[in-house]
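A quick write-up on the structure given underneath.
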Amino acid sequence: MEFTQHKAQGWYVDPYGRHQARWFSDGTPTALVRDDGRESTDPPPETEFTGTPEPAPEVEGALLHGPHRGGVSGDRAAWEIFVSTGGD
């Protein structure tokens, strides 16, 4: 059985230090950022991110983006989809 490495997906501490959190997609920092529960955009620097992302703390009342649905985390939403489709 072959395992694939998990790539960061969701909110992580902004590795560039410009915002409180930055959305990662497939292990890559995106332009979507969050400060004090408010989302905005700020393109990441041109330099490639090669570190290990640190999960950002959950922010109560934050707008939810990406795979989040109605306050459900991305992992939970993915699990709900997996279960609802019979695990396919």
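Laboratory data are not the source of any read-out in this text; all were calculated from the coordinates shown. As the structure is a prediction and not an experimental result, all values here were calculated from the model. Neighbour counts are summed over all protein chains in view; Cβ atoms, including those assigned to glycine, are modelled from backbone coordinates with ideal geometry.
Among residues other than Thr28 with Cβ under 14 Å from its Cβ, the summed charge is -2 (Lys and Arg +1, Asp and Glu -1). Work through the residues other than His19 whose Cβ is under 14 Å from its Cβ and net out their charges, Lys, Arg +1 and Asp, Glu -1. For residues surrounding His19, the net value is -2. A crude spin-label estimate for the pair Glu54 and Glu39, with each label 7 Å from Cα along the Cβ direction, gives 2.4 nm.
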